[in-house]
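Written below as structure tokens is the structure these notes are about.
The values are calculated or read from the model by the stated rules, or taken from the named source; none is laboratory data. No experiment lies behind these values; they were computed from the predicted model shown. Cβ sites come from the backbone with ideal geometry, for glycine too, and all protein chains shown count toward neighbours. Note: areas computed on protein heavy atoms with side chains; ligands, DNA, RNA excluded. Shrake-Rupley method; radii C 1.70, N 1.55, O 1.52, S 1.80 Å.
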Amino acid sequence: MPPNSRFDDPDKLVDTDRGFVSREIFVDPDLYKEELEKVFTRAWLFIGHESLIPKPGDFYTTRMGEESVILCRDKQGIVHAFLNSCRHRGMKVCRYESGNTSLFTCPYHSWTYTTDGKLQGVPHFRTLYEGLDREANSLVSVAKLAIYKGTIWATWDKDAPDFITYLGDAKIHLDQALDCRDGRSGGSEVVGVHKWIFPANWKFAAENFLGDTYHNPSHRSVDLIGIGPSAAAGKKGRRDDELEKAQHVWISFPEGHGVHSAIQPEENEYIESFLDNPVLEQYFRHCFEERKRRLGEQARLLPFVGTIFPNTSYHGRQPRGLCAWHPHSPTSTEGWRFFLVDADAPQEAKDYLRRYYMRYSGPAGMTEQDDMENWLYATAASMGTVARRYPFNYQQSLGAWTKDHALGGTVSLQITEEIARGYYARWKSYLRGAAWDELLGVGGNLPQRAAE
Amino acid sequence: MAAVLETNAPSPTGSAELPRNDAYYRLRADIEEFLYAEAELLDERRFRDWLNLLTDDISYFMPIRRNVKFGQHGERENTRTGIGISWFDEDKWTLTKRVDQILTGVHFAEEPLSRVCHMVSNVQIKKVLPSLGDPREIETRCCFMIYQNRVEYETYMFVGKRTDVLRMTDDGWKIARREIILDQNVLLAKNLSVFF
């Protein structure tokens, strides 16, 4: 905290023992700047997917925090990410969303950079820039970059742990979103990306996917009319019945991640989920049996939703995808949703899924429109001088958890805000500028390893 | 017949192939009246009546627009119908679901209902089949400006172009295809809960 900050003690903002979180952290400009400095320059952030840049020279313009970042596969095929800002006067060197190039040319004074971010061309170099250190004036690269099952992640912190360590025991849950439906590792591709601005704090979106199952009533309208993959066959609800017999689990991980997953019963049988389309039904039944054969007992674990700290969320089954919640201001967020399918799925399955994703998700999605409405008005109504004196209540299922579970982390078997409490406890550590050991929950908060 | 009109290639500016005769101007006046009446149905929240103006095989499409390099606009600027993710790539079933959802009274993104005003201008007739003297299916283009005001302070402006294929039926003109070109890249609205 800056010395003169009104918020000198993060413990006054986040009290996870009693279950209170100050509204200030969702609206205050000073705290927002602190987050950009202390959370978004340190944590691993999701920045894209390999299927967006398959060939050498391919680039995709992405974001980290508030800043534009170029994700690029260089001529040798190595993936880089660098700040989209010329070292000379800061102009964006790339204003296209994606494409293929051999050089990024700054429109302002024509400095050029190669696909690995190195400064190459400087007009009148010999006469005006004798001795210029090209290496030191390359585009600013991220400190670390990781490619995990097709997804690409980066951090600005050279001291950050490797990505797999950062994921911790949340890994097997994220895996379920990234692996093929038939259990093969990885193999997803992005079929499209939504980008939109909504007037709410970014943490509302992150928390929504942490496992806030309690907000179900806000989706009553889609549940009444039925928009799921069996809706035309007369099924109500917005999704499918895949998890109807499952034991749901809500898990808070010490790194701040949180997931809502499900464990199918020992008699793990296929549940018809695509009554509207016999080809899809057959395909997903096949995937189910294959996955069961490949993974055995572990096939019982299915993902639902989750958030990888701080701002990457996923839907693991339907509608499958990854979201990045990019902060724009304390009360404005740019949502990016990357929709995923198995790259080698039959065309009919891909086509069916993309249509389902579109009617469910994002600003045009019948389900998620209601989420955005909630986030906006929750943010707006928390800005008042009096409103800010009253913290949000996070007491749901306080104490109803166990650390003695094979999945690791802090596991709840009932709907809970324990995940949100864990998330904001970790957020508090970042704001204090804590060392990585604390950010990973090492010592006193050691995750237990999965027994499987 | 519809197949003749299914083309992704941009039509040339103007409607050189159509003569500017009485039949043309009468048809354009008819089409303008139809588009205004349609807009009014939406503004008056007569959503079921609006659905009745859509053919059962309607394609309702709004691409996502991308920032691409000069020379790549025709090929890469807009997402395509039938491929990948767009804002809308819908049929009658999903549009009916969207209306059903609003009419539940608990679709909170439209409860309370927004105040919406659809403005339609720059109406052009681009194609007529089989002939101006006997128009059974036409392609028309227009510009739209849609004003949405929600609750108290929330206001959005959606501006862009629309290409519609209208088909004459026993019940008059109906919309068989609608392509909505919204002039935005990142969507500058939290939701697309209005019809275009």
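When the charge dipole of segment A:168-439 is built from unit charges on Cβ atoms (+1 for Lys and Arg, -1 for Asp and Glu) and taken about the Cα centre, the candidate among A:N268, A:F309, A:S429 whose Cα reaches farthest toward its positive end is A:S429. Between B:E40, B:E32, B:E152, the residue with the greatest mean-square fluctuation in the GNM of chain B (Cα pairs under 10 Å linked by springs) is B:E152. Only Cα sites of segment A:10-62 enter the Debye sum here, all with the same form factor; the resulting log10 I(q)/I(0) across q = 0.14, 0.18, 0.20 1/Å is -0.60, -0.74, -0.81, listed in q order.
Mean separation of Cα pairs under 8 Å and 6 or more residues apart, divided by the residue count, gives segment B:58-158 a relative contact order of 19 percent.
Expressed per residue, the C-alpha convex hull volume of segment A:168-439 stands at 133 Å³. In sequence order, what are the phi-derived ³J(HN,Hα) couplings for segment A:430-440 according to the Karplus relation 6.51 cos²θ - 1.76 cosθ + 1.60 with θ = phi - 60°, rounded to whole Hz, with x for glycine and proline? Each residue of segment A:430-440 in turn: 4, 5, 6, x, 5, 6, 4, 4, 5, 5, 8 Hz.
Using equal-weight Cα scatterers in the Debye expression, the normalised intensity of segment B:19-182 in log10 at q = 0.09, 0.14, 0.16 Å⁻¹ is -0.34, -0.83, -1.06.
Spin-label model, B:N67/A:D404: points 7 Å from Cα along the beta carbon direction are separated by 5.6 nm. Each residue of segment B:113-121 was assigned a 3J(HN,Hα) from its phi angle through the Karplus expression (A = 6.51, B = -1.76, C = 1.60, θ = phi - 60°), giving 4, 5, 8, 10, 10, 8, 10, 10, 8 Hz with x at Gly and Pro. Label positions at B:E75 and A:Q414, each projected 7 Å from the Cα along the C-beta direction, are separated by 6.0 nm.
Bridge orientation summary for the protein assembly as shown: considering DSSP beta bridges with both residues in this region, about 95 percent are antiparallel. The Rg/Rh ratio of segment B:88-196, with both radii computed over alpha carbons and Rh defined as the Kirkwood radius, is 1.02.
If you wrap the protein assembly as shown in the convex hull of its Cα atoms and look at it from every side, the mean projected area works out to 32.3 nm². About its Cα centre, the dipole of the protein assembly as shown is roughly 1340 debye, where the only charges are +1 on Lys and Arg Cβ and -1 on Asp and Glu Cβ.
Distances between placed amide hydrogens fall under 5 Å for A:G48 paired with A:I152, all partners being 5 or more residues away or on another chain. A Förster distance of 51 Å, applied to the separation of the beta-carbon atoms of B:D43 and A:S110, puts the FRET efficiency at 0.50. In a simple Cβ point-charge model (Lys, Arg +1; Asp, Glu -1; nothing else charged), segment A:318-408 has a dipole of about 280 debye relative to its Cα centre.
Projecting the Cα atoms of B:W50, A:L139, B:L113 onto the dipole axis of the protein assembly as shown, where Lys and Arg carry +1 and Asp and Glu carry -1 at the beta carbon, places A:L139 farthest toward the positive end. Shown here are the Rg and Dmax of the Cα trace of segment A:45-145, at 13.2, 43 Å.
Here's how it looks for A:F20: its modeled amide H is under 5 Å from those of A:D15, A:Y394, which are all 5 or more places away or on a different chain. Rg and Dmax over the alpha-carbon atoms of segment A:132-230 stand at 19.2, 66 Å. Between A:G57, A:L36, A:I70, the Cα set farthest toward the positive side of the dipole of segment A:1-70 (charges on each charged residue's Cβ, about the Cα centre) is that of A:G57. Each Lys and Arg contributes +1 and each Asp and Glu -1, all at the Cβ; summed about the Cα centre of chain B, the dipole is approximately 620 debye. When the P(r) of segment A:294-430 is calculated, the portion above 23 Å amounts to 51% of the C-alpha pairs.
The figure for B:T104 is an accessible area of roughly 40 square angstrom, using a 1.4 Å probe on the protein chains alone.
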